[in-house]
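Structure first, commentary second.
The values are calculated or read from the model by the stated rules, or taken from the named source; none is laboratory data. Note that the structure is a prediction, hence the values are computed from the model and not measured. Don't worry about glycine lacking a Cβ; one is built from the backbone with ideal geometry, like all the others, and counts go over all protein chains shown.
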């Protein structure tokens, strides 16, 4: 059992990794301080409020006069968004890269990182309801009342208890070229921090050029496949598993082909259905189910996305720098929540973390960030 005092201390210590690293580009003559901005940022993230409401609430909490009936934009919130809009994407990436560096330095010093980890690469869509021509907005399948989204590719450790997000990359298009470059960049960054055993990718990355990129990177991979007629032809009547050689190819320009192993196992809940994968692993038929089970662990990344959402501010801003700053802040807070649980559990985080995201937000929220 984790005592409240210990939990507060650990959450406070984790929060000091991120807040000193934040740089809003405030000039010395500015009307508001970085502490003002930090408090609004924390409120929009932890309470999922819009900046305008958060700005008013923060000022009320400090006894400042606020016209709560005014329809004009709150000055504090307006100033925060102005500064975020004027930040360059590279500068935003740089400050949150520094947060990640500090996080993994703590983990190394405490010897809390596994020697070798499995990682998963996936896409996180942040739905958008504005103009389709907005910078960095992609067109995708309809959901939540829109087919427009900002899309962030992430790479995460899938080991239970240490599901840290290693890197984030915003996609500027949703074709195979963008995904191929994202996979290369994410893996190269991840390898700076951990030794990778297997890479898991979902069907969104089942494209021959992405598979070819994985081959060039010389990593062991498993990719969920969309079964073709050629794959299904390998499934004989009554067969439970399939393991066979296969050629993934694209016949249209730009053409490409990759020799892989295809394997399939019965779907866990749908009768007469199979789940298909391609891999570069040497695979025996009796091991197919074990690798499929290992792939299912990548669904921990979906849990990670929900928990990242616990720290993601609400916004209607169409400005990419605002969205990028908010998303990277949410990922950093998620990573620090994982760190807090690792520290209070001495590295052995149970299936249900002792510190929930709600408790973490509360303990961080009551601290003085200055």
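Kindly evaluate residue 243 against the criterion of being in contact (Cβ under 8 Å) with a residue 40 or more places away in the chain, closer than 25 Å to residue 173 by Cα, assigned to a strand (DSSP E or B) and touching a helix residue (DSSP H, G or I) at 6+ places or on another chain (Cβ under 7 Å). Don't jump to the end; show me each part of the working.
On the way: in contact (Cβ under 8 Å) with a residue 40 or more places away in the chain: yes; closer than 25 Å to residue 173 by Cα: no; assigned to a strand (DSSP E or B): yes; touching a helix residue (DSSP H, G or I) at 6+ places or on another chain (Cβ under 7 Å): yes.
No: the conditions fail for residue 243.
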Quick check on this structure: which one of 148, 100 is modelled with pLDDT of 95 or more and under 19 Å from residue 319 (Cα atoms)?
148
Quick check on region 275-289. Is at least one of its residues under 30 Å from residue 323 (Cβ atoms) and surrounded by fewer than 20 Cβ atoms within 10 Å (Cβ to Cβ)?
no
Taking into account only those residues within region 82-94 that are in a helix (DSSP H, G or I) and under 23 Å from the mean Cα position of the chain (by Cα), which is surrounded by the fewest Cβ atoms within 10 Å (Cβ to Cβ)?
90
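Of the residues 306, 358, 323, which single one is at pLDDT below 95 and farther than 27 Å from residue 196 by Cβ? Let's see the steps before the verdict.
Details: 306 fails: farther than 27 Å from residue 196 by Cβ; 323 fails: at pLDDT below 95.
Being at pLDDT below 95 and farther than 27 Å from residue 196 by Cβ holds for just one of 306, 358, 323, which is 358.
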Yes or no: region 213-228 includes at least one residue that is out of contact with any strand residue (DSSP E or B) (no Cβ under 8 Å at 6 or more places or on another chain), farther than 30 Å from residue 112 by Cα, touching a residue at least 24 places away in the same chain (Cβ under 8 Å) and surrounded by 21 or more Cβ atoms within 10 Å (Cβ to Cβ).
yes
Would a scan of region 68-75 turn up a residue that is in contact (Cβ under 8 Å) with a residue 24 or more places away in the chain and either part of a helix (DSSP H, G or I) or over 30 Å from residue 340 (Cα atoms) (or both)?
yes
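Do we find that residue 135 is in contact with a helix residue (DSSP H, G or I) (Cβ under 8 Å, 6 or more places away or on another chain), surrounded by fewer than 17 Cβ atoms within 10 Å (Cβ to Cβ) and touching a residue at least 60 places away in the same chain (Cβ under 8 Å) in this structure?
On the way: in contact with a helix residue (DSSP H, G or I) (Cβ under 8 Å, 6 or more places away or on another chain): yes; surrounded by fewer than 17 Cβ atoms within 10 Å (Cβ to Cβ): yes; touching a residue at least 60 places away in the same chain (Cβ under 8 Å): yes.
The answer is yes for residue 135.
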I'd like to know if region 47-64 contains one or more residues that are touching a residue at least 40 places away in the same chain (Cβ under 8 Å), under 28 Å from residue 105 (Cα atoms) and within 29 Å of the chain's Cα centre (by Cα).
no
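So, residue 342, is that one assigned to a loop (DSSP other than H, G, I, E, B), surrounded by 18 or more Cβ atoms within 10 Å (Cβ to Cβ) and at negative phi or not?
Details: assigned to a loop (DSSP other than H, G, I, E, B): no; surrounded by 18 or more Cβ atoms within 10 Å (Cβ to Cβ): yes; at negative phi: yes.
The answer is no for residue 342.
Can you find even one residue in region 56-73 that is at pLDDT 90 or above, farther than 30 Å from residue 211 by Cβ and surrounded by 14 or more Cβ atoms within 10 Å (Cβ to Cβ)?
We begin by selecting, within region 56-73, every residue at pLDDT 90 or above; these are none.
Within region 56-73, none of the residues are at pLDDT 90 or above, farther than 30 Å from residue 211 by Cβ and surrounded by 14 or more Cβ atoms within 10 Å (Cβ to Cβ).
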Among what's in region 138-166 and is assigned to a strand (DSSP E or B) and touching a residue at least 60 places away in the same chain (Cβ under 8 Å), pick the residue that is surrounded by the fewest Cβ atoms within 10 Å (Cβ to Cβ).
150
Could you please give the count of residues in region 101-132 that are touching a helix residue (DSSP H, G or I) at 6+ places or on another chain (Cβ under 7 Å), under 13 Å from residue 190 (Cβ atoms) and in a loop (DSSP other than H, G, I, E, B)?
1
Just give me the residues in region 59-96 being within 18 Å of residue 44 (Cβ to Cβ) and in contact with a strand residue (DSSP E or B) (Cβ under 9 Å, 6 or more places away or on another chain), in sequence order.
96
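Results for (1) free of Cβ contacts under 8 Å to residues at least 24 places away in the same chain; (2) in a helix (DSSP H, G or I); (3) at negative phi, shown as yes or no for each residue.
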| residue | (1), (2), (3) |
| --- | --- |
| 271 | yes, no, yes |
| 283 | no, no, yes |
| 287 | yes, yes, yes |
| 291 | no, yes, yes |
| 306 | yes, yes, yes |
Has region 169-187 got any residue that is free of Cβ contacts under 8 Å to residues at least 24 places away in the same chain and crowded, with 19+ Cβ neighbours inside 10 Å?
yes
Of the residues in region 246-269, how many are in a strand (DSSP E or B) and either at pLDDT 90 or above or closer than 16 Å to residue 221 by Cβ (or both)?
15
